[in-house]
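Data block below; observations after.
Every number in this text was worked out from the coordinates using simple rules, so none of it is lab data. Computed from a predicted model, the values in this text were never measured in an experiment. Cβ atoms come from the backbone with ideal geometry, glycine included; neighbour counts cover every protein chain shown.
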Amino acid sequence: MNKNELATPIMIIALLILFIIFCNPIAMVGVGQRGVKVTLGVVSDQSFSEGIHFVTPFISKIVTMDVRTQKRSITTSVYTKDIQQAKISYVINYNLQPENAYKMYREVGNDYEDKILMPVVEGSIKDVIGKWNAQDLVANREQATSEILIKLQNHLKDNYINVTDFQITAINYSDVFERAIESKVTAEQDALKAKNKTVQIQEEAKQKLISAEAEAKSMAIRANALSQNKSLVEYEAVQKWDGKLPYYMLGNSVPFINIGSNGRNR
């Protein structure tokens with residue numbers, strides 16, 4: 001093989017390499033991405049999966065879009081129902097729907113987070129937080145979080161975005177309002193303690209009254225029984241007698257208990 005014959009395949013290979021380098025007919029879609037093919041400004045009607053794809057140089061190209069779960073941590077200022085400014089810190093997890101990546105690129109572009117996602121998130125947070133008074137919001141943060149998540153999912157699913165999680169991580173008010181809440185809570189706790197003490201005193205007085213009424217009824221029953229039965233009077237006297245006879249008796253006095261005929265002096 002002479003030099004001319006050898007030069008021909010080498011030149012072909014070199015031209016092919018130059019063609020690949022400068023014209024780039026091969027497009028790569030990476031892991032966690034979807035490719036959107038654009039041909040002369042027209043977006044294809046499908047999303048290309050991960051791997052190698054061929055395009056027509058100078059006519060077509062493939063734009064890649066990330067469809068992996070994204071996480072954003074943000075703090076925003078909103079107003080509560082009672083016109084208190086609150087700084088809400090939150091975390092949102094979301095991802096672009098893989099099968100609709102080409103629709104998102106066609107209708108919005110690659111910057112859909114700023115154009116679609118964040119305006120909806122901010123609006124949903126303001127709508128939900130605006131329904132709660134400031135103090136109630138702190139106590140019902142989980143419920144407010146759940147309402148915001150449902151609102152986001154329902155609104156964004158038609159905009160080709162899946163919201164997988166949303167969490168309010170912090171609610172901060174002004175220092176003046178925080179101190180006012182603390183003072184109110186302290187006052188409510190003190191009032192509750194005073195109320196409990198009052199209830200305790202009332203209950204103790206009630207128990208004493210019940211006890212006194214029971215004792216009075218008992219005494220009335222006993223007095224009535226004694227007035228109706230003389231022998232019972234003597235029995236009561238025996239119950240109270242300590243067993244000692246008096247040292248002397250005046251006149252013709254008789255013992256306070258009728259001992260009977262067997263008790264005469266002999």
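Lys71 sits among other residues whose Cβ lies under 14 Å from its own Cβ, and their net charge, with Lys and Arg +1 and Asp and Glu -1, is -1. Charge tally around Val31: other residues with Cβ under 12 Å, Lys/Arg +1 each, Asp/Glu -1 each, net 0.
Principal semi-axes of the equivalent ellipsoid, √(5λ) from the alpha carbon gyration tensor of region 29-79, are 32, 14, 8 Å from largest down.
Computed over region 70-173, the P(r) tail beyond 16 angstrom holds 55 percent of alpha carbon pairs. Other residues with beta-carbon under 12 Å from the beta-carbon of Phe48 carry, at +1 per Lys or Arg and -1 per Asp or Glu, a net charge of 0. Highest average first, the peptides 207-213, 45-51 ordered by how many other beta carbon atoms sit within 10 Å of their residues are 45-51, 207-213. Here Thr80, Thr198 are placed in order of increasing Cβ neighbour count within 10 Å, fewest first, which gives Thr198, Thr80.
Quick one: of Lys87/Lys197; Lys87/Lys157; Lys37/Lys126, which pairs are farther than 29 Å apart, Cα to Cα?
In this structure, Lys87/Lys197; Lys37/Lys126 lie more than 29 Å apart at Cα.
Each residue, Lys157 and Lys81, gets one label point 7 Å from its Cα in the Cβ direction; the gap between the two is 2.8 nm.
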